[in-house]
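Visitor: Got a structure here, written out as structure tokens. Questions coming.
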């Protein structure tokens, strides 16, 4: 048994057993993987057995054979029809299994829907909610339902862009499917199950940006396309500024002459779009009046200013920071939130990095431009996840979950590209099943309104 196969089996088996055991002793240190706690013991045992089955070679082979038969059948159907079925299927899944729990910003979003003119941390997301509600209110939708429906729309965008990204990264049909399954079994897919948050469109448009970046690296689009998508992503949520360095990489990896022209084109896109959006806010949203009160006109930029957005080295008097940078509370939040939203993604990235010498030493393409582009997004998001503060704590704070998208993309891409063929089929089935065992109880618990012991005060059953 080779090194990577061994550590994958160890991680998956330990994570599965820990998830099962943690359901009996739910604590703050395991909130990211104790979702089975909300179900009867017989259901927990069924999930445990289902998680262990893929480790048995003969069962694993039968699952692979079943997937192969599905691929053969789907190949007989037009590609557009296949995509349409997948997209519509996920839309129905998102809406019919939507969450009945309000987390984090949800209460403020509902309460402020008619009172705050615009939220400047997520201006375009705020406007999309209100533009959509102009139509949905005519069929009796309340703001709550409109925002839930908006997250489903964001989910459809995510599914479409994930299918497109898989086509750009891989030629082999099986790898495309496995990549798609890795992305769609992340815990963060909960965002699209009617989840009320400002980050649904951010995460979906981030996937669109990755797609346009890949197109640019393959010389299929002009730099203005990924620039346009990036500025729209930033307008959905200012957190997307973290992605900016990756656009600079796209520009500066070119030859000297092209660098100047691409930088100029990207700058023009940013200037025109930001200027146009600023004029819209000033003349339409602010009614040509510069706001005097940040609460009335700007929405909420953060707790006490920019400095309150980051964990301090030492807590100052009057600070609302829940802990310091190097506290157990901080480490516990980081570990559990990433395990909540993408345990397989973070494992793939870390394991590929740890075994990089053995995995990459014989592969000349291991330092490709695609790897560099994705790695830059991952690095800046991970840095933000490490230093950015979580005011709500636990499952409540979804401002940091978007880091899961780039590192799952990169981890899955490296895994599917460089893992030995004889190991790939066996390991990928185990990883996807474990991801499902982790994510399905999380989605069902939220849909059924089961979490009755919240990790913070901002939670309520709805619908």
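Visitor: If packing is taken as the average number of other Cβ atoms within 10 Å across a peptide's residues, how do 178-191, 82-95 rank, most packed first?
Guide: Descending packing order for the listed peptides: 178-191, 82-95.
Visitor: Additional query: Hey, can you rank 149-162, 65-78 by average C-beta count inside 10 Å, highest first?
Guide: By packing density, highest mean first, the sequence is 149-162, 65-78.
Visitor: Here's a follow-up. What order, most packed first, do the peptides 226-235, 330-339 have when packing is the mean number of other Cβ atoms within 10 Å of each residue?
Guide: Top to bottom by mean Cβ count within 10 Å: 226-235, 330-339.
Visitor: Here's something else I'd like to know. Which values, in whole Å and largest first, are the semi-axes of the equivalent ellipsoid of the stretch 47-122 obtained as the square root of 5 times each eigenvalue of the Cα gyration tensor?
Guide: The three semi-axes for the stretch 47-122 are 41, 22, 10 Å.
Visitor: List 197, 288, 239 from most exposed to least, where exposure is judged by having the fewest other Cβ atoms within 10 Å.
Guide: 288, 239, 197
Visitor: On average over all directions, what projected area in square nanometres does the stretch 3-448 have, based on the convex hull of its Cα atoms?
Guide: 23.7 nm²
Visitor: Need one word for the stretch 1-112: rounded, prolate or oblate. Basis is the Cα gyration tensor (sqrt eigenvalues a ≥ b ≥ c); a/c below 1.5 gives rounded, then a/b vs b/c decides.
Guide: In terms of gyration-tensor shape, oblate.
Laboratory data are not the source of any read-out in this text; all were calculated from the coordinates shown. These numbers were taken from a predicted model, which means no experiment stands behind them. Using ideal geometry, Cβ is built from the backbone for each residue, glycine included, and neighbour counts are taken over all protein chains shown.
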